[in-house]
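Peer 1: Quick one: the structure is below, and I'll ask about it shortly.
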Amino acid sequence: MSRQSAEGNAAGAGTGSGADTTWDAGLYDRSFGFVSAFATDMVDLLAPEPGERIVDLGCGTGKLTAAIAARGAEVIGIDGDAAMVQRARALHPHLTFQHADGRDFAIEGHADAVFSNAALHWMKEDPPGVIACVARALRPGGRFVAEMGAYRNVRIITDALYQALAEEGVPAEAVDFPWYFPRTSHYVGLLEDGGFDVTQLRYFARPTPLDDCPNGLADWIDMFGGNFTDAAPPGRVPTVIERTIELTRDRLCPDGRWVTDYTRLRFVAVKVSEG
Ligand SMILES: C[S@@+](CC[C@H](N)C(=O)[O-])C[C@H]1O[C@@H](n2cnc3c(N)ncnc32)[C@H](O)[C@@H]1O
């Protein structure tokens, strides 16, 4: 998770997935615009209709919120991070953003759809609670359309981080793994238990280039891997990052272009009508 003070520096503190952490929202937009850019077809999958009420859960700086609003829907962007919400409001003053946790948000009335991109895997503390909250926000028959990091997401990177830390004498248990990357079957079970019918589902590998990151994987670790670098012994963060780069370079940067090993879970689920 990025830190407000973390640009070019992996130091910092925070749990990475709660609602009170602070992302570097400017750095996120400058170097990690691919997160929302890769998801523009998610808006097609959502297929917002003019006049529909839609929640964008974990909206970040609001790029996709704005894309949904551009289709004529009434959108509420919700995010657990104050810096993200502040930047979203500044960039899109005509849109509505709420600072709230995905496990505990509420809207007035009901939404026709809840949308979420690249955010559910950060809400690792209580995935069934997040799904329950989404269900409460939706009208019967409303849809939950989302993409999230999936089983084995960034496994090459995290294996290398664990190895680099182990070489510094840090055991794996010292790392608070920041994400929830569920197996497809597990997450489908949670959705069904939470009152949804899953009508579309796709698990896929999406190799993701870091073309806007001047320092390649080091920037990615700086933005998202703070829980790993926080576990490094004092003064050893640069060594851990350099070693991680060394361990992954052959597979993720064979030709001088960093391409991360993302896997995604994308789904459409419909809230079962009561009665
Ligand atoms: C990788 S960003 C994705 C942002 C945006 N959806 C996009 O596509 O660019 C993940 C977002 O999830 C938010 N998030 C993480 N945990 C959260 C929680 N428990 N409740 C609400 N938002 C959360 C973060 O603050 C962050 O803005």
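The values are calculated or read from the model by the stated rules, or taken from the named source; none is laboratory data. For clarity, every value in this text was computed on a predicted model and none was experimentally measured. Every residue, glycine among them, receives a Cβ derived from its backbone with ideal geometry; neighbour counts consider all protein chains shown. What goes into the accessible areas is simple: the full protein's heavy atoms, side chains included, and nothing from ligands, DNA or RNA. Shrake-Rupley method; radii C 1.70, N 1.55, O 1.52, S 1.80 Å.
Peer 1: Sequence gap at least 6, Cα distance under 8 Å: using those rules, report the relative contact order of region 133-206 to the nearest whole percent.
Peer 2: About 36 percent, as a whole number.
Peer 1: Can you give me the angle between helix 184-193 and the longest principal axis of the chain, using Cα atoms only, in degrees from 0 to 90, rounded to the nearest 10?
Peer 2: The angle comes out near 30 degrees.
Peer 1: Also, I was wondering about something else. What figure in square angstrom, to the nearest 10, would you give for the accessible area of Y151 with a 1.4 Å probe?
Peer 2: Accessible surface of Y151 is approximately 60 Å².
Peer 1: Counting helices only, and only those DSSP H runs with n ≥ 4, report the 222 nm mean residue ellipticity of the chain as the sum of -39,500 (n - 2.57) divided by its residues, in deg cm²/dmol to the nearest 500.
Peer 2: Details: 11 runs with 96 residues, N = 275.
Computed mean residue ellipticity for the chain: -9500 deg cm²/dmol.
Peer 1: Would you kindly derive the ³J(HN,Hα) couplings of region 168-176 from the backbone phi angles with the Karplus curve 6.51 cos²θ - 1.76 cosθ + 1.60 (θ = phi - 60°), listing them in order in whole Hz, with x for Gly and Pro?
Peer 2: 9, x, 9, x, 4, 5, 6, 9, 8
Peer 1: What nm distance separates the two modelled labels at A205 and E49, each placed 7 Å from Cα along Cα→Cβ?
Peer 2: The modelled label-to-label distance comes out at 4.0 nm.
Peer 1: Could you give the size of the charge dipole of region 159-235 about its Cα centre, using +1 on the Cβ of each K and R and -1 on the Cβ of each D and E, expressed in debye and rounded to the nearest 20? Before the final figure, lay out each step's value.
Peer 2: Working: 3 positive and 13 negative charges, 64 e Å.
Computed charge dipole of region 159-235: roughly 300 debye.
Peer 1: Roughly how many percent of the accessible protein surface of region 135-275 is carbon and sulfur, given a 1.4 Å probe and a whole-percent answer?
Peer 2: Taking all protein chains in place, region 135-275 shows 49 percent carbon and sulfur surface.
Peer 1: Taking amide H positions as placed 1.01 Å from N in the peptide plane, with prolines and chain starts having none, which residues 5 or more places from T260, or on another chain, fall under 5 Å of its amide H?
Peer 2: T208, L210
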